[in-house]
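Peer 1: This structure is in structure tokens; I'll ask about it shortly.
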Amino acid sequence: MAKRRRLTPAREEFLDTTPVVETSTRETGLAAAQPARSGLPPIAQVAGDSSTSAALTELTEAMARARREGRLVQALRLDEVEVGHLVRDRLEAEQEALEELVSSLRRRGQQTPIEVVDRGEGAEPRYGLISGWRRLAALRQLRMEDDRFDSVLALIRSPQSSSDAYVAMVEENEIRVGLSYYERARIVVKALEQGVYTETKAALQTLFENVSRAKRSKIKSFMTVVETLDGSLRFPTAIGERLGLELARGLAEDPTLAKRLAQRLEAAAPASAAEEQALLTAALAPPLPETRAAEPREGAETREVLPGLKLSRQGAHSVTLKGRLVDAALLDRLEAWLAETCRQNDA
């Protein structure tokens, strides 16, 4: 029986274990052998490349989906955002609160993005503000002192309708700072004027869905004040619930009250919220019974308070004013002062 010949392992010095890949050379157009980048066999490289490509495609699609759904925070230039895209519900920002926000942004940067809507190609500015008015105002104030604050972090939303955009704005302000009754009523009035809603009830229930029925009823009452005196009032957000409801009732009962109030407000030009509210309170007071003005008795104490204004005192309970300065504006101021003085004494 023939003896079998055993096979011996190949000697390592005769083998080149480095994997090769073929690349074309510019000079010859022939394939040149080069070591593989990963040291893996070709089939593993193909699988790896396919996996990487799939991951990149998935990431790209995820980013695009997040952008479409408004979940991707983006940095926009401040000038790219139009503040007046919607009629704002907040009429003013308290300076102290705004300064606190400015200090926070200066120290920590913007932590919460604003919400905007893409107004489309060709629109100037490109984006319209939905919510975040105070943050945008604070950043614009900071930009005047430091160019680093030239951008704002934003979520680009795609509201299905104007109603959705208004709801988003109102809800944020209700949660963050809270609106005055006048501001709440005003945004309902403006939304109705712009055709966002066709009925008052629908507007109230949609914009203020999460508040009580009683609160919505008060907002509706304040709408009367907005509709008749918006533009005449200088400090409307300072009007409290009680005075606002009394004012709404008076305006509804007396069709001439709105015109008289507007004239008084214009003539008196109150310099503070207290003066304006005193004027409104005096106008709502029931009229005093008409009495014939008593003529100053002989011997009454009379003095000239100002050139064109004389004051006569007749005992402890009677005063008469005379002169060219005695006009409607002076009487309105006097009524407002008396009402405020009485209110403070009662308090």
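Peer 1: How many nm separate the modelled label positions at Arg303 and Asp230, each set 7 Å beyond the Cα in the direction of the Cβ?
Peer 2: The answer from the label model is 4.9 nm.
Peer 1: Can you tell me, using C-alpha contacts under 8 Å and at least 6 residues apart, the relative contact order of segment 165-291 as a whole percent?
Peer 2: Value for segment 165-291: 24 percent.
Peer 1: Note the full-extension length gain between Glu246 and Glu199 as 0.36 nm times their separation in residues minus their Cα-Cα distance, in nm to one decimal.
Peer 2: Between Glu246 and Glu199, full extension yields 14.5 nm more.
Peer 1: Between Leu59 and Ala273, what FRET efficiency follows from the Cβ-Cβ distance if R0 is 56 Å, with the result rounded to 0.05?
Peer 2: 0.50
Peer 1: Just to be sure I understand the model, the point goes 7 Å from the Cα along the line to the Cβ. What's the resulting Asn210 to Met144 distance in nm?
Peer 2: Output for this residue pair reads 3.3 nm.
Peer 1: Considering only the other residues whose Cβ falls under 14 Å of the Cβ of Ala269, what net charge follows from Lys and Arg at +1 and Asp and Glu at -1?
Peer 2: Details: positive: Arg234, Arg264, Arg333; negative: Glu266, Glu275, Glu276, Asp327, Asp332.
Taking every Cβ under 14 Å from that of Ala269, the sum is -2.
Values quoted throughout were computed directly from the atomic coordinates according to the rules given, and no laboratory measurement underlies them. Quick caveat: nothing in here was measured; it's all calculated off a predicted structure. Note that each Cβ is placed from the backbone with ideal geometry, even for glycine, and that neighbours are counted across all protein chains shown.
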